[in-house]
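Quick notes on the structure that follows.
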Amino acid sequence: MALTKLEIEGIGMTSQRTRDRLIQRLREQGIKNEQVLEVMRKVPRHLFMDQALATRSYEDTALPIGHGQTISQPYMVARMTELLLASELPLEKVLEVGTGSGYQAAILGKLIAKVYTVERIQPLYKQARDLLDALAYRNIRTSLSDGSWGVAYEAPFDGIIVTAAPEEIPQALLEQLAIGARLIIPTGKQGEAQELKLITRTGETDYQQQVIESVQFVPLVRSSSLSLGK
């Protein structure tokens with residue numbers, strides 16, 4: 001899939017001026033990491049969603065991407081990325097659970113040397129993989145798998161971000177954290193109160209937990225078989 005310069009830069013409601021207005025809103029909402037803001041200013045969010053919704057790409061809202069999934073609200077992408085980067089541990093290799101559109105992985109890919117991202121829904125996995133390749137991301141590895149398993153053969157990770165909410169934190173993800181690494185994860189039942197949590201691994205079996213804020217995410221579905229689609 002070849003992308004033109006105009007497609008990447010956008011026009012009208014996908015133009016740089018529109019992106020800059022979003023970044024200003026994120027600053028007003030408390031996002032302070034200028035590195036995160038600059039990356040989000042440049043990454044073309046409109047390419048990560050259906051063309052029919054492209055004009056809404058730079059609204060600060062979650063939008064549907066099909067298969068019951070959404071592209072996360074820009075504020076939440078910025079907040080979770082900011083929390084990850086605040087780690088005292090050098091971030092060389094991180095894991096994202098729930099590739100979805102690929103947008104969060106694209107943001108991480110501009111900030112982290114190696115990014116591994118896992119998606120269980122095959123059509124989304126293929127679409128995100130192809131788009132990230134077209135945008136020349138060579139440091140992002142996509143996998144079709146149940147996200148609650150993590151990616152054990154590449155562990156430990158210097159950080160993990162989860163973009164869907166399990167009712168309980170998967171043990172595999174805790175075990176795949178390096179000592180000192182952070183897990184940024186929403187938890188809670190769908191339709192009920194959910195919390196964004198920051199988990200830091202402080203020892204072989206020790207973890208510290210902090211509740212960051214109330215959130216609303218699609219559920220992290222665990223299954224023995226993948227949703228392969230057609």
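The values are calculated or read from the model by the stated rules, or taken from the named source; none is laboratory data. Given the structure is predicted, the values throughout are model-derived calculations rather than measurements. Cβ placement follows ideal geometry from the backbone for every residue including glycine, while neighbour counts extend to all protein chains displayed.
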Query raised in the report: Is there any pair linking a residue in the stretch 165-180 that is within 9 Å of Arg201 (Cα to Cα) to one that is among the basic types (Lys, Arg), with Cβ under 6 Å and at least six apart or on different chains, and which?
Result: Leu177/Arg201; Ile179/Arg201
**Report entry** Residue match in the stretch 139-152 (condition: buried (at least 23 other Cβ atoms within 10 Å of the Cβ), outside any strand (DSSP E or B), polar (S, T, N, Q) and touching a residue at least 60 places away in the same chain (Cβ under 8 Å))
**Finding:** no
Requested in this report: Tell me which residues, restricted to the stretch 42-57, are surrounded by fewer than 21 Cβ atoms within 10 Å (Cβ to Cβ) and more than 15 Å from Ala105 (Cα to Cα).
Outcome: Asp50, Gln51, Ala52, Leu53, Ala54, Thr55, Arg56
Query raised in the report: Within the bounds of the stretch 163-170, is there any residue that is among the β-branched types (Val, Ile, Thr) and closer than 26 Å to Glu213 by Cβ?
Result: yes
Query raised in the report: Out of (1) of a type in the set (D, E, K, R); (2) without any contact (Cβ under 8 Å) to a residue 40 or more places away in the chain; (3) under 21 Å from Pro74 (Cα atoms), what's the single condition that is false for Lys114?
Result: (3)
Query - Condition check for Ile160: more than 22 Å from Leu85 (Cα to Cα), buried (at least 16 other Cβ atoms within 10 Å of the Cβ) and β-branched (Val, Ile, Thr) - result: no
Query - Options Ser15, Ser87: the member that is of a type in the set (Gly, Ala, Ser) and in contact with a strand residue (DSSP E or B) (Cβ under 8 Å, 6 or more places away or on another chain) - result: Ser87
Query raised in the report: For Ala52, all conditions in the list (1) within 30 Å of Gln190 (Cα to Cα); (2) under 19 Å from the mean Cα position of the chain (by Cα); (3) of a type in the set (A, V, I, L, M, F, W, C) hold save one; what is the number of the exception?
Result: (2)
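Looking at the structure I just gave you, is Tyr116 in contact with a helix residue (DSSP H, G or I) (Cβ under 7 Å, 6 or more places away or on another chain), assigned to a loop (DSSP other than H, G, I, E, B) and not acidic (Asp, Glu)? Outline the logic, then answer.
Numbers: in contact with a helix residue (DSSP H, G or I) (Cβ under 7 Å, 6 or more places away or on another chain): yes; assigned to a loop (DSSP other than H, G, I, E, B): no; not acidic (Asp, Glu): yes.
When the stated conditions are applied, Tyr116 does not pass them.
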Report task. Select from the stretch 1-19 the residues that are of a type in the set (Gly, Ala, Ser) and in contact (Cβ under 8 Å) with a residue 12 or more places away in the chain and write down the one among them that is farthest from Val39 (Cα to Cα). Result -> Ala2
Query raised in the report: surrounded by fewer than 20 Cβ atoms within 10 Å (Cβ to Cβ), of a type outside the set (Asp, Glu), modelled with pLDDT under 95 and in contact with a helix residue (DSSP H, G or I) (Cβ under 6 Å, 6 or more places away or on another chain): does that describe Leu3?
Result: yes
Query - Yes/no for Gly68 being at pLDDT below 95 and either farther than 25 Å from Arg21 by Cα or touching a Phe, Trp or Tyr at 6+ places or on another chain (Cβ under 6 Å) (or both) - result: yes
